[in-house]
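Derivation of every value follows stated rules applied to the coordinates shown; laboratory data play no part. None of these values were measured; they are calculated from a predicted model. FYI the Cβ positions are ideal-geometry reconstructions off the backbone, even for glycines, and counts take in every protein chain you see.
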Amino acid sequence: MKNPFILFTVFLLLFSCNQKGEKLGNVTKAKDSLSIYLAVAYDETKEVEVRRDNNYKALDIIVGQSNDSMNRKYLFDVANRFYNMNDLEGYKAIVQKIENNSRSAKDTASVAKSLSYIGDYYAYKSVSDSAYLNYSKAAELYSLIHDDFNIGRMYLNKAMVQTNESDLLGSESSVFKALKHFRNNEDDKMIYEANNILGVVYNELKEYPKSIEYHQKAISIAEKGKIDVTYQAKATSLNNLGFVYKNMGDHYEAVEKFREGLSQKNLFRDKTFIYAMLLDNLAYSKFKLNDTHGLPGLFYKSLRIRDSLKIIPGIIINEIHLSEYYAHQKDTLMAMDFAKSAYKTAKDNRIYRDVLLTLKQLTVINKAKSADYSAEYIAINDSLQQAERNVRNKLARIEFETDELIIQKDELVERNRTIIYTSVIIIFIGLLLFVIRTQNSKNKELLMRQDQQKANENIYNLMLSQQKKIEEVRHAEKTRIAQELHDSILGRLFGTRLNLDSLNKKTDEDSVQDRYNYIAQLQHIEQDIREISHDLSNEKNAMTNNFVAIVKDLINEQEKLIDAEINFNLDASIEWELIDNDIKINLYRILQEAFQNINKYANAKHVGISILKIRDVLKFIIEDDGVGFDATKKSKGIGLRNMESRVMSFNGTLNIIAKKGEGTQLEILVPNPPKH
């Protein structure tokens with residue numbers, strides 16, 4: 001059975017050394033009433049009623065504020081002050097309000113903190129299962145926000161509850177889990193408490209060397225000076241270490257540790273209950289060594305302090321020790337009085353473990369009723385063991401359910417991670433397909449451009465071939481005309497000139513008639529020259545109209561394909577034979593592309609084609625009265641981009657005038673058209 005005395009030490013250490021809240025500073029410096037009320041409520045030099053009254057005044061101000069993080073912080077301050085005033089019901093009510101407000105605000109950290117505070121309430125009330133459950137819930141929430149320090153703190157609180165319920169192995173496990181979470185946050189106070197609890201656990205398990213090891217570790221941490229000296233951590237650990245030696249029967253070593261503990265500076269002022277505990281333990285070990293110097297005065301001094309502090313478990317232990325002392329002194333009456341007083345106090349306060357200790361003492365000193373005491377001892381012990389088993393089972397079930405929730409959370413996280421990975425893969429595949437599709441489209445566009453280039457080359461070669469044939473025909477025609485002029489016209493002119501020369505001096509009728517005849521021949525020769533000139537003019541017009549003919553053929557074909565009326569306006573002054581073939585090819589292709597767009601999209605009734613020359617600029621205009629489009633859009637189709645590319649190839653300008661519902665006009669300007 002566990003020793004209630006040393007566990008009471010742990011309980012007081014964890015809760016009294018962790019007094020809730022922090023002092024706000026000098027009241028005279030406070031600038032608002034809330035700070036003043038909270039400061040007065042914290043001031044332990046004030047009467048409890050004054051402190052409580054100021055705490056309620058602060059609460060009245062806070063509850064009227066909006067539920068924000070600062071408001072919740074102030075509510076925690078109020079709750080801390082209720083706790084420090086031992087007003088546990090006021091403390092619980094405020095903490096439950098904070099929990100509700102925090103859940104409404106989805107403030108996970110504050111929800112976790114409020115659950116840990118509720119756990120403290122139930123731990124103080126010795127409702128172990130409720131305390132353990134709230135600590136577990138708090139730890140789970142702290143894990144969601146990756147707060148390792150507070151996760152470790154919750155494991156320490158759970159370890160304390162498990163120790164009080166004799167779940168010593170469970171407590172050991174919880175402490176080591178806590179230490180893992182403190183690994184990245186070297187907080188001396190928390191690590192000290194962890195080692196202190198392990199020392200207590202191993203003492204209860206009668207593994208005394210381990211218990212001594214961990215208590216010495218705790219003392220080493222306390223000696224670093226990083227823990228507030230007012231906590232009197234070293235004195236506490238010296239008391240616990242002395243208690244281990246006492247259990248081992250080494251009372252000499254125990255006395256040394258208790259005396260060293262009592263020698264700590266300001267111990268009585270800072271931690272009066274530890275001072276009283278050390279006095280009682282020192283007195284008991286001296287009693288066991290038959291060193292009666294200072295006895296029973298040390299027992300009484302400790303009892304008076306504990307009675308003034310209303311430390312019920314300490315009072316019971318003190319009275320049992322005094323009973324043992326007087327029984328040893330053969331003062332049965334005093335021994336019975338202290339044993340019965342301890343029994344009544346333990347029973348009235350339902351501290352059944354201490355009831356067992358008092359019954360054990362009564363059995364020793366009252367042999368006449370030893371059978372009755374033994375029967376009661378057995379009944380209470382059985383009931384207590386069953387209750388402890390039930391609590392341990394509850395704790396195990398809570399731990400199991402918490403672990404199940406953690407596993408479910410981990411599975412949910414893994415499932416969400418899988419969904420994220422799958423989504424990323426799908427997006428990646430989608431992007432890859434988009435890139436491939438875009439690349440294929442570009443490849444097709446490139447192939448189309450290559451095909452167009454080949455077609456342009458073919459057209460160019462065809463036009464060159466046609467031009468060659470035209471030149472051959474022109475040369476042959478020139479040769480024919482030269483022959484005509486040489487063989488016919490020139491010969492006839494020469495003969496006529498000679499004949500006229502011979503007739504210049506003759507005036508007879510025959511000569512006059514001959515001159516009329518030769519003049520008529522000159523008229524015939526003039527007519528022949530006019531006909532040759534006309535033939536040359538027609539040839540020139542045919543050459544000039546070669547590009548125009550191709551354009552007209554295209555227009556004639558389009559008139560068969562669309563319902564629109566097509567008007568063609570050509571400036572006759574344009575010298576097409578002097579314009580570079582590449583320009584004519586590109587203009588022809590642009591016209592083809594424009595007709596294709598008109599066929600597909602325009603739904604036009606009228607189409608106009610104009611080729612004009614204004615000064616040195618060739619202007620090519622294609623317009624329709626169709627549905628039009630938004631020319632301000634940044635994205636353009638392949639057709640328009642091809643037109644722009646062709647115009648840029650001869651340093652021209654493409655102007656697009658279009659608006660939805662108002663038709664479209666393409667204007668191509670060719671400055672200073674290059675010559676052959």
_Protection proxy ranking, peptides 76-86, 647-657, average beta carbon neighbours within 10 Å, highest first_ = 76-86, 647-657
*By its C-alpha gyration tensor, with a ≥ b ≥ c as the square roots of the eigenvalues, how is segment 224-338 shaped: rounded for a/c under 1.5, else prolate for a/b larger than b/c, else oblate?*
oblate
_Which of the three applies to segment 179-275, rounded, prolate or oblate, going by the alpha-carbon gyration tensor with a ≥ b ≥ c and a/c under 1.5 meaning rounded?_
oblate
_Rg/Rh ratio calculated on Cα atoms of segment 47-165 (Kirkwood radius)_ = 0.99
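Quick check on segment 562-671: what are the equivalent-ellipsoid semi-axes from the Cα gyration tensor, as sqrt(5λ), descending, whole Å?
On the way: eigenvalues 107, 55, 28 Å².
Its equivalent ellipsoid spans semi-axes of 23, 17, 12 Å.
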*Extension gain, Leu554 back to Asp372 (0.36 nm per residue minus Cα-Cα distance, nm)*: 52.7 nm
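Near Leu262, within a Cβ-to-Cβ distance under 12 Å, what is the net charge of the other residues, with Lys and Arg +1 and Asp and Glu -1?
Spelling it out: positives minus negatives among the neighbours equals +3.
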*Per residue of segment 648-664, in order, report the coupling 6.51 cos²θ - 1.76 cosθ + 1.60 (Karplus, θ = phi - 60°) as ³J(HN,Hα) in whole Hz, putting x for Gly and Pro.*
5, 5, 10, 6, x, 10, 10, 10, 10, 10, 8, 7, 4, x, 10, x, 9
*Return the whole-Å distance between the Cα centroid of segment 581-658 and the Cα centroid of segment 30-76.*
82
_I want the local charge near Met334. Using Cβ-Cβ distances under 12 Å, sum +1 for each Lys or Arg and -1 for each Asp or Glu among the other residues._
-2
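From the Cα gyration tensor of segment 298-368, with a ≥ b ≥ c the square roots of its eigenvalues, which class applies: rounded if a/c is under 1.5, or else prolate if a/b is larger than b/c, or else oblate?
Note, shape of segment 298-368 comes out oblate.
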*Spatial separation of Cα centroids for segment 275-343 and segment 146-196, in angstrom*: 33
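Which of the peptides 223-235, 568-580 is most tightly packed, and how do the rest follow, judged by the mean count of other Cβ atoms within 10 Å per residue?
223-235, 568-580
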_Please give me the summed charge of the neighbours of Lys271: other residues whose Cβ is under 12 Å from its Cβ, Lys and Arg +1, Asp and Glu -1._
+1
